[in-house]
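Since the structure comes first, as structure tokens, the remarks are kept for the end.
The values are calculated or read from the model by the stated rules, or taken from the named source; none is laboratory data. Since the model is a prediction, treat every value here as computed from it, not as a measurement. Counting neighbours? That spans all protein chains shown, and the Cβs are built from the backbone with ideal geometry, glycine included. Please note that ligands, DNA and RNA were not included when accessible areas were found on the heavy atoms of the full protein model with its side chains. Shrake-Rupley method; radii C 1.70, N 1.55, O 1.52, S 1.80 Å.
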Amino acid sequence: MTTPVPALVLGGTGYVAGELLRLIAGHPELELAAAISDSQPGERIARSFGHLAAVYPEATFASISRASMLLTESKRAALFSAAPHGAAAALIDRLLTNAASAKCDLRVVDISADFRYSSADAYQKVYGHAHGAPARLREFTCAVPEHLPKLETPHVAHPGCFATAALLACVPLLALGIAEPHIFISAVTGSTGSGRKPTDGTHHPLRHSDLYSYSALNHRHTPEITACAKAASGVEAEFAFVPHSGPFARGIHATVQAATRKHMTTEAVLAMLRDFYLDHRFVRVLDQPPRVKDIVASNYAHISAVANGRTVAVMSVLDNLNKGAAGGAVQWMNRMLGFDESTGLTAPAAGWT
């Protein structure tokens, strides 16, 4: 028997933090050391996440100061950051500094946008404010787990949920020379992707039975998709991205279209996609169009494709809170800690959600 690695979750009561807590509860190699919330220290986790009451009946949120003290008690630890962009970087920097002083090997997966860009200028251009820890940027790599065989930095920035869905579909098209480097993406996300605080875009009476686009051709994930696609495929492509808000809670459905470099059939494209993802158990290539209900609450992504000669369309579905955030983060952490990448993540979708 090995001693579980202490896991810290930064992000308090948000949806992604709740999903991280759920996955850690079922992970055989991780043990929750602290769920960090400076706004609610001492409050029971179950009060914010009623569905986790059975696994965390008495556990409470910890302050960042308390979490820093816990790092002095461990030789290694895992930090999952689901704090908002703009706040995450400084908090992560503080915890990494404290861990180094305590000689604790702290590995970090950040799910915010704070470490997804290679420079502070690139980050500021997208988000409109200075980066909170620019010296730390070189310590992070941003990539989908399936697209980076070897990690050369100590920490990871997980791509956004829209970006993950789009990249799983478009990277093979570019890397295998299937498509021209002008990619069109239309994607629909569930309301949990907008966070826990109700807004006009997420409040149930307004979102129920509705479908609408937003930030068309100007979404802040587009530069991230562009950079990650180039790093994974070696091809610099142009992306036209139109996101939509859907009338469901969890999941993303993305459709990626492009002109092909030569005449392609559906069968040929599917065969190439299957070969590309052959050794990646969390990406399944289907003959038929994928459905959101088949992946909700799981770490699996389903993709399929059609081609009619000179045009190819790849459909991609994943759970925005799991594969697109918390589950992908656990995948990365498993690799960084030397565990099998699938540890704690193989539960199937819930179905009938």
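Before moving on, here are some points about what is shown:
- Members of the range 271-301 that are open to solvent by less than 30 Å² (accessible area, probe 1.4 Å) and touching a helix residue (DSSP H, G or I) at 6+ places or on another chain (Cβ under 9 Å): Leu273, Tyr277, Phe282, Val283, Val285, Ile295, Val296, Ala297, Ser298, Asn299, Ala301
- Residues of the range 160-177 satisfying the condition of being of a type in the set (Gly, Ala, Ser) and open to solvent by 10 Å² or more (accessible area, probe 1.4 Å): Ala175, Gly177
- Failed item, numbered, when Lys323 is tested on (1) part of a helix (DSSP H, G or I); (2) charged (D, E, K, R); (3) over 15 Å from the mean Cα position of the chain (by Cα): (3)
- Taking the criterion of being hydrophobic (A, V, I, L, M, F, W, C) and either surrounded by 22 or more Cβ atoms within 10 Å (Cβ to Cβ) or outside any helix (DSSP H, G or I) (or both), the residues of the range 110-145 that qualify are Ile111, Ala113, Phe115, Ala130, Ala133, Phe140, Cys142, Ala143, Val144.
- Restricting Asp340, Asp294, Asp279 to residues that are at pLDDT 95 or above and under 23 Å from Ala7 (Cβ atoms) narrows the list to Asp340.
- Pairs with Cβ under 8 Å, 6+ apart, first in the range 115-126 and of a type in the set (A, V, I, L, M, F, W, C), second assigned to a loop (DSSP other than H, G, I, E, B) and open to solvent by 30 Å² or more (accessible area, probe 1.4 Å): Ala120/Ala130; Val126/Arg220
- Pairs are defined by a Cβ separation below 9 Å, a sequence spacing of at least 6 or placement on different chains, a first member in the range 328-346 that is within 15 Å of Leu20 (Cβ to Cβ) and of a type in the set (A, V, I, L, M), and a second member that is assigned to a helix (DSSP H, G or I) and open to solvent by 10 Å² or more (accessible area, probe 1.4 Å); the pairs so defined are Ala329/Val16; Ala329/Leu23; Val330/Leu23; Leu345/Leu23.
- The condition of being over 30 Å from Ala227 (Cβ atoms), open to solvent by 10 Å² or more (accessible area, probe 1.4 Å), in contact (Cβ under 8 Å) with a residue 60 or more places away in the chain and more than 23 Å from the chain's Cα centre (by Cα) holds for Ser74.
- Selection from the range 149-159 of residues that are open to solvent by 40 Å² or more (accessible area, probe 1.4 Å) and touching a helix residue (DSSP H, G or I) at 6+ places or on another chain (Cβ under 9 Å): Leu151, Pro154
- Given (1) in contact with a strand residue (DSSP E or B) (Cβ under 8 Å, 6 or more places away or on another chain); (2) within 30 Å of Asp121 (Cα to Cα), index of the condition Ser233 fails: (1)
- Residues located in the range 13-26, provided they are open to solvent by 10 Å² or more (accessible area, probe 1.4 Å) and either outside any helix (DSSP H, G or I) or not aliphatic (A, V, I, L, M) (or both): Thr13, Gly14, Tyr15, Arg22, Gly26
- Filter pass, Ala89 being in a helix (DSSP H, G or I) and either crowded, with 16+ Cβ neighbours inside 10 Å or at negative phi (or both): yes
- Counted residues, the range 25-54 - those being in contact (Cβ under 8 Å) with a residue 24 or more places away in the chain and more than 14 Å from Ala82 (Cα to Cα): 17
- Condition check for Ala326 on (1) closer than 30 Å to Asp105 by Cβ; (2) open to solvent by 10 Å² or more (accessible area, probe 1.4 Å): one failure, at (2).
Let's see how each residue does on (1) of a type outside the set (S, T, N, Q); (2) closer than 24 Å to Ser213 by Cβ:
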residue	(1), (2)
Ser245	no, yes
Gln257	no, yes
Leu270	yes, no
Phe282	yes, no
Ile303	yes, yes
Val312	yes, yes
Met315	yes, yes
